[in-house]
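First up is the structure itself, then whatever we jot down about it.
The values are calculated or read from the model by the stated rules, or taken from the named source; none is laboratory data. Because the structure is predicted, anything quoted here is derived from the model rather than measured. Positions of Cβ are generated from backbone atoms using ideal geometry, with glycine treated the same way; all protein chains shown enter the neighbour counts.
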There are 2 protein chains.
Amino acid sequence: MTIFEKIIAREIPAKIVFEDDEVLAFHDVNPQAPVHVLIVPKRVVARLDEAKESDAQLLGKLILVARKIARELGVSESGYRLVINSGPNAGESVPHLHVHLLGKRSLGWPPG
Amino acid sequence: MTIFEKIIAREIPAKIVFEDDEVLAFHDVNPQAPVHVLIVPKRVVARLDEAKESDAQLLGKLILVARKIARELGVSESGYRLVINSGPNAGESVPHLHVHLLGKRSLGWPPG
């Protein structure tokens, strides 16, 4: 069981900012920007590489939830970056697909 | 008309790696990694903040096309990062929604 499943199961506390049947979103415990939220599907998909073609709607929903949170946290106009890491070269940290939302500071290029 | 519309219209050349009715993908002209591909919807959506709820399927498709290209370019196992920039703090470069796919090198953290 990963830390994300424990957060979803409320076995580990987290600062939750969004929840519905399919998705949970909470502040990253190691924030890399003043706004740094993780958007996670409740159903375990280890990483993007293991998503199915039938997961298109769920993947799109993760992106739209990130956008909604960006609005609620007031970073829509100033700007924000979404990041999905898959595999070792990306520094994938937890084997449970998640979208990073970063904002409220100027984000450099390249993105890592 | 942005540079992406001109690429879609074949008015500007690009190294295209994927095309279907809805999506075009091509190598970034300023690559930030040995693999750096842009995945673009043919229909103009200026940025994520302007996507509609009904665009969930399209957004999911952009992610799955990126995943497919990652496989074809041989970075699925070594890993890759997807990035979507929205607005000035993210350094949004072209007002036409696009997903960056970066791979074939170790990507640092934070992602910009």
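Considering the range B:64-93 alone, what residues qualify as being more than 7 Å from chain A (Cβ to nearest Cβ), touching a Leu at 6+ places or on another chain (Cβ under 7 Å) and either over 15 Å from A:LEU48 (Cα atoms) or not β-branched (Val, Ile, Thr) (or both)?
The answer is B:ALA66, B:ALA70.
Name the pairs whose Cβ atoms lie under 7 Å apart, with the first residue in the range B:30-49 and within 9 Å of chain A (Cβ to nearest Cβ), the second among the basic types (Lys, Arg) and part of a loop (DSSP other than H, G, I, E, B), and 6 or more positions between them or separate chains?
Within 7 Å, the pairs are B:ALA33/B:LYS104; B:ALA33/B:ARG105.
When B:HIS100 is evaluated against the numbered criteria (1) assigned to a loop (DSSP other than H, G, I, E, B); (2) at the interface with chain A (Cβ under 9 Å from one of its Cβ atoms); (3) under 12 Å from the mean Cα position of the chain (by Cα), which criterion, by number, is the only one it fails?
Answer for B:HIS100: the failing condition is (1).
Counting just the residues of the range A:48-76 that are modelled with pLDDT under 95 and assigned to a loop (DSSP other than H, G, I, E, B), which one comes out nearest to B:LEU101 (Cα to Cα)?
A:ALA51
Checking B:GLU11 against (1) more than 7 Å from chain A (Cβ to nearest Cβ); (2) crowded, with 20+ Cβ neighbours inside 10 Å; (3) in a loop (DSSP other than H, G, I, E, B): exactly one of these is not met. Which one?
Unmet condition: (2).
If B:ALA25 satisfies every condition in (1) within 10 Å of chain A (Cβ to nearest Cβ); (2) touching a Leu at 6+ places or on another chain (Cβ under 7 Å); (3) small (Gly, Ala, Ser) but one, which is the exception?
(1)
Anything in the range A:14-46 that is under 15 Å from A:LYS68 (Cα atoms), among the β-branched types (Val, Ile, Thr) and surrounded by 18 or more Cβ atoms within 10 Å (Cβ to Cβ)? List them, or say none.
Listed by number, the residues that qualify are A:VAL17, A:VAL23, A:VAL35, A:VAL37, A:ILE39, A:VAL40.
Please give the number of the condition B:PRO110 fails out of (1) in a loop (DSSP other than H, G, I, E, B); (2) surrounded by 20 or more Cβ atoms within 10 Å (Cβ to Cβ); (3) facing chain A (nearest Cβ under 8 Å).
Here B:PRO110 clears every test but (2).
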